[in-house]
Amino acid sequence: MPHVAAFAEQHLGEWQGMNRAAFIASRPVGSHWFADIAEPAPGGESFMDLYNRARAAIKRITVEQAGRDVIAVAHGGTIKAAVGLALGGQPDKGLAFDIDNCSVTRLDHFASADVSNWRLPMVNQQPWIADSRHAAMHQPAGPEVVPETKLA
């Protein structure tokens, strides 16, 4: 599987490694992401930077692999960028989705000489959710998660 550098997560610069709960509490209420989509992290990049590089790679791969299945493994921000592209090039709309670790998102591309459309049959599907052996994975990641201390 080739490595596609454009699919790397947003470079968070000085925000990288900060306590997630404290950082989110310091940001404006109602934000879907770390900042406004055009605001770069100090010493890093904005979500639009991520969106633009991911969009260019997705468009290139879509042409190169037309008619074939493509499987990509990526971070949540990159997947949100892909969802924004599939929603008609609206990166801010992609940010409204939760993308959990190890979840599955499927985007289908349909094209003809006159039409190029995306369909989103699933976003953030969690295949482990039906298996009780994976109960610890039933929680979304984030500061609101409080680990349970049950002993078997």
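What to note about this one:
- Given (1) open to solvent by 50 Å² or more (accessible area, probe 1.4 Å); (2) of a type outside the set (A, V, I, L, M, F, W, C); (3) in contact with a helix residue (DSSP H, G or I) (Cβ under 8 Å, 6 or more places away or on another chain), index of the condition E45 fails: (1)
- Scoring I99 on the criteria (1) over 25 Å from I129 (Cβ atoms); (2) assigned to a loop (DSSP other than H, G, I, E, B); (3) under 17 Å from the mean Cα position of the chain (by Cα) leaves a single failure, condition (1).
- Enumeration of residues in the stretch 56-73 that are more than 15 Å from T105 (Cβ to Cβ) and either open to solvent by 100 Å² or more (accessible area, probe 1.4 Å) or outside any helix (DSSP H, G or I) (or both): K59, R60, V63, E64, Q65, A66, G67, R68
- Some residue of the stretch 78-86 being among the small types (G, A, S) and in contact with a strand residue (DSSP E or B) (Cβ under 9 Å, 6 or more places away or on another chain): yes
- Any hit, the stretch 46-55, residues being closer than 14 Å to H109 by Cα and not polar (S, T, N, Q): yes
- Within the stretch 62-86, residues that are more than 19 Å from P2 (Cβ to Cβ) reach partners that are of a type in the set (D, E, K, R) and part of a loop (DSSP other than H, G, I, E, B) with beta carbons closer than 6 Å, at six or more positions or on different chains, in the pairs G77/E9.
- Once the stretch 102-124 is narrowed to residues that are under 16 Å from the mean Cα position of the chain (by Cα) and either modelled with pLDDT under 70 or open to solvent by 80 Å² or more (accessible area, probe 1.4 Å) (or both), the residue that is nearest to V73 (Cα to Cα) is C102.
The values are calculated or read from the model by the stated rules, or taken from the named source; none is laboratory data. Just so it is clear, the model here is predicted, and its values are computed rather than measured. Heads up, the Cβs are rebuilt from the backbone with ideal geometry, glycines too, and the neighbour counts pull from every protein chain shown. Just the protein is used for accessible areas: all its heavy atoms, side chains included, with ligands, DNA and RNA removed. Shrake-Rupley method; radii C 1.70, N 1.55, O 1.52, S 1.80 Å.
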